[in-house]
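The values are calculated or read from the model by the stated rules, or taken from the named source; none is laboratory data. Please read these numbers as outputs of a predicted model, since none were measured by experiment. Here the Cβ is made from the backbone with ideal geometry for all residues, glycine too, and neighbour counts use every protein chain on show.
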Amino acid sequence: MVTASCLCGAVKFELAKAPEFVVVCHCSRCRKVGSSAFVMTRKENLNLLSGADQIGQVATDDQFSLPRCFCRSCGTALGEILSTEDVFPISAHCLDEDLNLEVRLHEHVATKPSWYVIGDDAKQFDGDPK
Ligand SMILES: [Zn+2]
Ligand SMILES: [Zn+2]
């Protein structure tokens with residue numbers, strides 16, 4: 001079981017199956033919300049332990065309207081933890097332990113800021129991975 005939480009500890013959840021890799025998204029939306037590195041989880045593997053009433057959501061624009069979630073008390077980005085999709089991203093920074101994960105891919109590299117220098121050999125995609 002993998003445990004995860006926000007900074008203040010109000011929101012805690014666990015993943016029944018450990019994520020296998022990290023994806024880094026370089027789009028401006030992920031950057032603004034402070035959550036560019038994420039792991040994917042299947043909905044049935046995620047168990048919200050506490051803080052359901054602390055989770056706020058913000059929708060971005062039409063094309064990327066999937067609401068991003070955050071802790072209302074500390075602001076930690078939580079990814080799409082309230083998603084109704086089968087598979088969705090969770091912010092990698094929520095993981096409590098270092099799982100020795102490697103970055104599998106970088107997406108939206110075309111809008112990467114100059115100060116972020118990619119230092120691994122993971123695959124890069126200008127936009128969404130094909
Ligand atoms: Zn919090
Ligand atoms: Zn993004």
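What about LEU78, is it within 28 Å of THR111 (Cβ to Cβ), more than 14 Å from the chain's Cα centre (by Cα) and in contact (Cβ under 8 Å) with a residue 60 or more places away in the chain? First the steps, then the outcome.
Numbers: within 28 Å of THR111 (Cβ to Cβ): yes; more than 14 Å from the chain's Cα centre (by Cα): no; in contact (Cβ under 8 Å) with a residue 60 or more places away in the chain: yes.
Spelling it out, it is not the case that LEU78 is within 28 Å of THR111 (Cβ to Cβ), more than 14 Å from the chain's Cα centre (by Cα) and in contact (Cβ under 8 Å) with a residue 60 or more places away in the chain.
Among the hydroxyl-bearing types (Ser, Thr, Tyr), closer than 21 Å to LYS123 by Cβ and within 16 Å of ligand 1 (Cβ to nearest atom), is that true of SER35? Before the answer, list the steps.
Numbers: among the hydroxyl-bearing types (Ser, Thr, Tyr): yes; closer than 21 Å to LYS123 by Cβ: yes; within 16 Å of ligand 1 (Cβ to nearest atom): yes.
In short, yes.
I'm told PHE13 meets every condition in (1) within 16 Å of ligand 1 (Cβ to nearest atom); (2) in a loop (DSSP other than H, G, I, E, B); (3) aromatic (Phe, Trp, Tyr) except one. Can you identify the failing condition by its number?
Checking PHE13 against (1) within 16 Å of ligand 1 (Cβ to nearest atom); (2) in a loop (DSSP other than H, G, I, E, B); (3) aromatic (Phe, Trp, Tyr), the one that fails is (2).
Under 19 Å from VAL2 (Cβ atoms), modelled with pLDDT under 95 and surrounded by 15 or more Cβ atoms within 10 Å (Cβ to Cβ): which single residue out of SER35, SER91 fits that description?
Testing whether each residue is under 19 Å from VAL2 (Cβ atoms), modelled with pLDDT under 95 and surrounded by 15 or more Cβ atoms within 10 Å (Cβ to Cβ) leaves just SER35.
Looking only at residues that are among the hydroxyl-bearing types (Ser, Thr, Tyr) and in a loop (DSSP other than H, G, I, E, B) in segment 16-62, which one is nearest to GLU107 (Cα to Cα)?
As a first pass, look at segment 16-62 and keep what is among the hydroxyl-bearing types (Ser, Thr, Tyr): 28, 35-36, 41, 50, 60.
Next, only the ones that are in a loop (DSSP other than H, G, I, E, B) stay: 35-36, 60.
On the way: SER35: 13, SER36: 10, THR60: 18 Å.
Across segment 16-62, the extreme among qualifying residues is SER36.
Of everything in segment 58-86, what is surrounded by fewer than 20 Cβ atoms within 10 Å (Cβ to Cβ), on the phi < 0 side of the Ramachandran plot, away from ligand 2 (no atom under 16 Å from the Cβ) and not charged (D, E, K, R)? Give them in sequence order.
Scanning segment 58-86 gives SER73, CYS74, LEU82, THR84.
From (1) in contact (Cβ under 8 Å) with a residue 24 or more places away in the chain; (2) of a type in the set (A, V, I, L, M, F, W, C); (3) more than 21 Å from PRO129 (Cβ to Cβ); (4) touching a strand residue (DSSP E or B) at 6+ places or on another chain (Cβ under 7 Å), pick out the condition that doesn't hold for ALA37.
(3)
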